[in-house]
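Here is the structure we will look at, set down as structure tokens.
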Amino acid sequence: MDFLQSFVVNSPYLAYLVLFGGMFIEGETFFLAAAIFALEGYMSWRWILVVSFAGVIIGDVAWYYLGRLTKDTKWGTWLANKYKNYQGWVSENFTDRYFQLAFFSKFLYYVNRLTPLLAGWEKLDFWKFLKIHLVAGFAWVAVMFIVGKFFGFVIDAIGIKVVFGRLYWIFAIIAVLVVVGEYFLRKLFIKKIRK
């Protein structure tokens, strides 16, 4: 039994806490890692879904308040000056299209953190923000659950012992695939914004 497998088996509550914290950083990698352990019964799908959803929503609220609290600081002023070319687009489109931005940005790593930060920055009504992110968060968890189940079929085909024997490499490959995929999606997203 390797370190990660031993950690999840011997400290299940800590494993869920790590999953919760992972939603603030890189949700996809942490979710798919938890899915591997759920396949073998070391973690519960129900708790993975609940903890992931809570982490996504609380993470979004944290990013929202970070944006709201930093706007009038020295750092906020520096950031506003650095990106002043985009301020017109944000002012014209951000509030009116926020639902679409929040929903699609859930699946784009870099934009995912930026969207709630900008919502706080632009002082979007918190309750509107929360309703939108509850829907977007639910959609993200549902999609990740489907991806996790499909991931399970792939792992069953390969063999769980092979997967656990190469767990570190698998996590690294997942992280690279997620980051590279999201990089290209972000480029496409930014190209659409500039039009």
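Nothing in this text is a laboratory measurement; each read-out follows from the coordinates by a stated rule. A quick note: this is a predicted structure, and the numbers were derived from the prediction, not measured. Using ideal geometry, Cβ is built from the backbone for each residue, glycine included, and neighbour counts are taken over all protein chains shown.
Observations, loosely collected:
- Rel. contact order, % - alpha carbon contacts under 8 angstrom, at least six apart, region 23-124: 36 percent
- If you plug the beta carbon distance of S44 and K123 into 1/(1 + (r/R0)^6) with R0 = 45 Å, you get a FRET efficiency near 0.70.
- For M43, the residues 5 or more places off, or on other chains, whose built amide H falls under 5 Å of its own are A38.
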